[in-house]
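The values are calculated or read from the model by the stated rules, or taken from the named source; none is laboratory data. On a predicted model such as this, the values are computed, not experimentally measured, just so you know. Glycine gets a Cβ as well: all are built from the backbone with ideal geometry, and neighbour counts include every protein chain shown. All accessible areas refer to the heavy atoms of the entire protein, side chains included, with ligands and DNA or RNA removed. Shrake-Rupley method; radii C 1.70, N 1.55, O 1.52, S 1.80 Å.
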Amino acid sequence: MLNGKTIVLGVTGGIACFKVAALASMLKKQRADVQVIMTENATKFVTPLTFEQLTGNKALVDTFDRNFVHSVEHIAVADRADMVLIAPATANVIAKLAHGLADDMLTTTVLACRCKKAIAPAMNTGMYENPVTQDNIETLRHYGWEIVEPATGRLACGTSGKGRLPEPEDLLEVCLHALSHEKDMTGKRVLVTAGPTQEAIDPVRYLTNHSSGRMGYAIANAAARRGAIVTLVSGPTALKKPAYVNTVDVVTAEDMFEAVMRYAPDSDIIIKAAAVADYRPASVSDNKLKKSDDALSIPLERTKDILGTLGKEKRKGQFLCGFSMETEHMLENSRAKLEKKNLDMIAANNVKEAGAGFQVDTNILTLITNDGETALPLMSKDAAADALLDAILKRM
């Protein structure tokens, strides 16, 4: 996803340096050209050789390295950089960058960069919360830097608090968000639903389905990476909340209905990928139902039709896409749903096809509109999400 992109990875003198070695490896696996620049203090924690082996590039430390005799190296690096990420960033380097001080290879290079810049502060809580540090961070934000908020937890100094460097996976997402896709959805408000709902029978049991939420989360991620303002209404899942997305957690179909109706009026695109319960118990027992030798019958009642309501209330210019998971007559059933619920598109799949069901990382979608059908091949849900968004943008 980062093929052809050059990322300058600035590493400063903090114990969290060890995490950045893993990040460098992840960036390389995404086919990025990773240029590590280290401060002298950073080399006390991790050797330059470590990063050189991981990235295939010489780790730069000394501005006056005589091997650069044929070029002004910090300018050459700055010119080819698509992004700068400094992680971990000490209070000292944050202060330097906030005030334009350039006295080593890292700060002189960054001062010459015109690309996207992000910085991940990592330090003792007292240092991080010091008003001077906070002022410096705000100064960087004023100049267009993205500030990656530190995590809260146990610190190297033995205390607990805010100041931990986020995990490498989180730092990778910062780079993917910035560089992995053209920002062709900038300014568009996108509402996505994902996951199952849970309908209580008693305080212990509930009715649900096999949805993992992966397709909806992939769509939310893809839209955010393309610059959209994304709200994800999610039923209970085991998935990590996507970065750069406003995630609204719900449990029941009624919860999801209320959340969707709250955000729908301001949304330009609505994609209903959640597997919402069509029925719920007509009454919920206050106590656990005890088993007996007799059969048990649970009366059910219909839940509110979220997609149908959205279709009725769809405003001009709003794009509404539903999902249809079938086991037979997929095209006929899905096209009937498209027309009945006043949708602009429906993404259909057959759970009996290998690779298209619940709890897998792939999908096989057929995109259906009033004037045609587009059958997509088996692909990852991330790729399917982008293909779906491409189709929606083309029709809008």
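Below is a table of values for the structure above.
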read-out: Region 311-372: GluC sites (Glu not before Pro) falling in loop per DSSP and having at most 10 other Cβ within 10 Å; value: E328
read-out: Calculated log10 I(q)/I(0) by the Debye sum over Cα atoms at q = 0.06, 0.10 Å⁻¹ (choose from (i) -0.26, -0.73; (ii) -0.22, -0.63; (iii) -0.32, -0.78), label; value: (iii)
read-out: Per residue, in Å², the accessible surface of the chain once ligands and nucleic acids are set aside, probe 1.4 Å; value: 49
read-out: FRET efficiency, A354 to L239 (Cβ-Cβ, R0 25 Å, nearest 0.05); value: 0.65
read-out: From phi via Karplus (6.51, -1.76, 1.60), per-residue ³J(HN,Hα) for region 169-182 in Hz, x at Gly/Pro; value: 4, 6, 5, 4, 4, 4, 5, 5, 4, 7, 10, 6, 8, 4
read-out: Extension gain (nm, one decimal) between L300 and N209, 0.36 nm per residue minus Cα-Cα; value: 31.2 nm
read-out: Range in the chain, longest, excluding exposed trypsin sites (Lys or Arg not before Pro) [loop by DSSP; at most 16 other beta-carbon atoms within 10 Å]; value: 115-182
read-out: Stretchable slack from L49 to E332, in nm (0.36 nm times residue separation minus alpha-carbon distance); value: 95.8 nm
read-out: Under 26 Å from the Cα of K28 - lysines, other chains or at least 8 residues apart; value: K5, K19, K44, K58, K116, K117, K183, K240, K241, K381
read-out: The chain - share of DSSP beta bridges that are antiparallel (%, nearest 5); value: 30
read-out: Estimated distance in nm for a label pair at K312 and T374, the labels positioned 7 Å out from Cα along Cα-to-Cβ; value: 3.1
read-out: Relative contact order (%) - the chain, alpha-carbon pairs under 8 angstrom, separation at least six; value: 11
read-out: Full-stretch length increase - A112, T362 - with 0.36 nm per residue and alpha-carbon distance subtracted; value: 85.7 nm
read-out: Partners for K312 among lysines (Cα-Cα distance below 17 Å; same-chain residues under 8 apart left out); value: K272, K304, K337, K340, K341
